[in-house]
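One structure is given below, encoded as structure tokens.
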Amino acid sequence: MTPAIHVDHLNKTFAKKTALVDLELTIATGEMVALIGASGSGKSTLLRHLAGLACCDKGNGGSVKVLGREVQASGRLNGKVRRLRADIGYIFQQFNLVNRLSVIDNVLLGCLGRMPRWRGSLGLFNAEEKQCAMQSLARVGLADLAQQRASTLSGGQQQRVAIARALTQRAEVILADEPIASLDPESARKVMEILADINRRDGKTVVVTLHQVDYAMRYCPRAVALKGGRIHFDGQGSAMSSQFLNDLYGADVDASLMICDQSRHAELPQRLALARA
Amino acid sequence: MTTLHAEAVGKRTWPQYLGWGLFLVLLAWAWKGAEMNPLALYRDSGNMATFAADFFPPDFHEWRSYLKEMIVTVQIALWGTVLAIVCSVPLGILCADNITPWWIHQPLRRVMDAFRSINEMVFAMLFVVAVGLGPFAGVLALWISTTGVLAKLFAEAVEAIDPGPVEGVRATGASALQEVIYGVIPQVMPLWVSYALYRFEANVRSATVVGMVGAGGIGVILWENIRAFQFVQTCAVLLVIIVVVSLIDVLSQRLRKRFI
């Protein structure tokens, strides 16, 4: 069976800094994977490459395949990348909704990749597409806000609209880049529950980058930790020790901050155990 | 302490003195070129008072034709502006450096610069030769010069957008055109409407002038009256212009406020 995501020897260098180094990663269909690591470790860069939103190095860039189709290789995006993206849902840290459009119009944008271009450009969505958008919105619990402008919603609600957009897209792979980094704990929990539900019930492959290690351990069976653009750890989330996390996040300051963060989530006993360890 | 303080202040300001000095030299130099002669205002004040008196009372006998031509002027402005908006939407997007590569936006911007740098009066004179006397020449003149201005303003609005929503639309598998339609246009719409209405106001004023070179509207009557030294009629025409232009300004401002 072809893996959902296959990354082969991926290299990315920004002006001076190397962001990804010879990175290899295979994710099977139906997995839910957390990408963790400190700021600048390359996790967001990796995710952007998976969706073809960024382009790898030209010479020895390697390649990215999603659902068996090549998204990019050696610094060149596949010519059909725009249609490929329809199968790859992307959730952004800053939601990236179109603020002045209504919630339902934002969700309908998810249909664009699968309908004829002329119809999408004129905004002529048919009844089936509209129904699909409403169902997606109902699934994230925001059907009653359909006609409101996206900008009037709270951050957590906006992120759920963004998930509804990815659901309408009927993407097989969902990539979420720091989806809860700008949210309060309650909204963050809701967003993670929805992502986990999409993974469990619909069997979609979900890859999510996270700052909060406790969320990663709670929701994602598999965790991949990046450090300096290389894979530092790949395995069961629960296998990560606090010693390992200290190492991953480098400075002691970061680790102590993380432990504070963990102790705030009192409902997670294993997190407190970790803090004591 | 006080001397130290004074020195510090003095040190800080001497380049400013130099700047002001240079500015004064520039003014003196331009005084000669512009043949400035404020004394003439005083010396010939009698003449001017007589001249001003010739304007009153304004003669509104021909008010029907004034109003008719004023409406033509507004019609010229309306069509000139609408055609310019239609062209400026694609041009504004193509001139934005965050949308197109340099080899598209740089040449296009130079063309827009040219459209803008030549006054609509000059275009009106050229189009009068090309399509003959009449309002259509005025429409064409306003169309060209307004396109130059609006495309630049539209492009600047596009360059200031938040790239996030555009990327959000891209991630759904949308085409490049759809990214613009759903990611860019909704963001710039309020500014674009505001700019377009403002240009319409400005074009009503400009349309009164293009008439003076034969491109139709109230300007034709204005110029005929001035040339015939019929100052009471000139005064009436000027009053009609003032009233209509002010009215349009107020209306358009109201409309603009609804979009901001």
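Selection within segment B:207-241: residues that are within 14 Å of B:LEU142 (Cα to Cα) and touching a Pro at 6+ places or on another chain (Cβ under 8 Å). The member of this set that is surrounded by the fewest Cβ atoms within 10 Å (Cβ to Cβ) is B:GLY216. Among the residues of segment A:185-194, those identified as of a type outside the set (Val, Ile, Thr) and farther than 16 Å from A:VAL213 by Cα are A:GLU186, A:SER187, A:LYS190. Restricting the first member to segment B:144-166 and to residues that are within 16 Å of B:ALA114 (Cβ to Cβ), and the second to residues that are not in a helix (DSSP H, G or I), the beta-carbon pairs closer than 6 Å and six or more apart or on different chains are B:ALA151/B:CYS95; B:ALA155/B:CYS95; B:ALA155/B:ALA96. The criterion of at least 3 residues that are open to solvent by 20 Å² or more (accessible area, probe 1.4 Å) is met by the following helices (runs of 4 or more DSSP H) wholly inside segment A:56-123: A:117-122. Of all residues in segment B:20-47, those satisfying the criterion of being under 30 Å from B:GLN230 (Cα atoms), open to solvent by less than 100 Å² (accessible area, probe 1.4 Å) and in a helix (DSSP H, G or I) are B:PRO38, B:ALA40, B:SER45, B:GLY46.
State which residue is surrounded by the most Cβ atoms within 10 Å (Cβ to Cβ) when the search covers only segment B:171-186 and only residues that are more than 7 Å from chain A (Cβ to nearest Cβ) and either on the phi > 0 side of the Ramachandran plot or not small (Gly, Ala, Ser) (or both). Show your work before the answer.
Within segment B:171-186, the first condition is being more than 7 Å from chain A (Cβ to nearest Cβ), and the residues that meet it are B:176, B:179-180, B:184-185.
Going one step further and asking which of them are either on the phi > 0 side of the Ramachandran plot or not small (Gly, Ala, Ser) (or both), we end up with B:179-180, B:184-185.
Working: B:GLU179: 20, B:VAL180: 19, B:VAL184: 23, B:ILE185: 16.
It comes out as B:VAL184.
Inside segment A:21-55, can you point out the residues that are open to solvent by 10 Å² or more (accessible area, probe 1.4 Å), over 19 Å from A:HIS211 (Cβ atoms) and either acidic (Asp, Glu) or part of a loop (DSSP other than H, G, I, E, B) (or both)? Hits for segment A:21-55 are A:ASP22, A:GLU24, A:ALA28, A:THR29, A:GLY30, A:GLU31, A:LEU53, A:ALA54, A:CYS55.
Condition check ((1) more than 14 Å from the chain's Cα centre (by Cα); (2) open to solvent by less than 50 Å² (accessible area, probe 1.4 Å); (3) under 21 Å from A:LEU108 (Cα atoms); (4) modelled with pLDDT under 95) across all residues:
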residue	(1), (2), (3), (4)
B:PRO135	yes, no, no, yes
B:GLY148	no, yes, no, yes
B:PRO163	yes, no, yes, yes
B:TYR198	no, no, no, yes
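Please go through segment B:93-122 and pick out each residue that is within 17 Å of the chain's Cα centre (by Cα) and either in a helix (DSSP H, G or I) or crowded, with 18+ Cβ neighbours inside 10 Å (or both).
B:MET112, B:ASP113, B:ALA114, B:PHE115, B:ARG116, B:SER117, B:GLU120, B:MET121, B:VAL122
Selection of first residues in segment B:95-124 that are at negative phi and assigned by TED's automatic domain parsing to the domain that holds B:ALA207 and of second residues that are in a loop (DSSP other than H, G, I, E, B) and surrounded by 18 or more Cβ atoms within 10 Å (Cβ to Cβ), restricted to Cβ pairs under 7 Å at least 6 apart or on distinct chains, gives the following pairs, ordered by first then second residue: B:HIS105/B:CYS95; B:HIS105/B:ALA96; B:LEU108/B:CYS95; B:ARG109/B:CYS95; B:MET112/B:CYS95; B:ALA124/B:ALA215. Across segment A:91-109, the qualifying residues are those that are in contact (Cβ under 8 Å) with a residue 60 or more places away in the chain and at the interface with chain B (Cβ under 8 Å from one of its Cβ atoms), and the one among them that is farthest from the chain's Cα centre (by Cα) is A:LEU97.
The values are calculated or read from the model by the stated rules, or taken from the named source; none is laboratory data. Since this is a predicted model, take the numbers as computed values, not measurements. Positions of Cβ are backbone-derived with ideal geometry, glycine not excepted, and every protein chain shown enters the neighbour counts. With ligands, DNA and RNA removed, areas are computed over all heavy atoms of the protein, side chains included. Shrake-Rupley method; radii C 1.70, N 1.55, O 1.52, S 1.80 Å.
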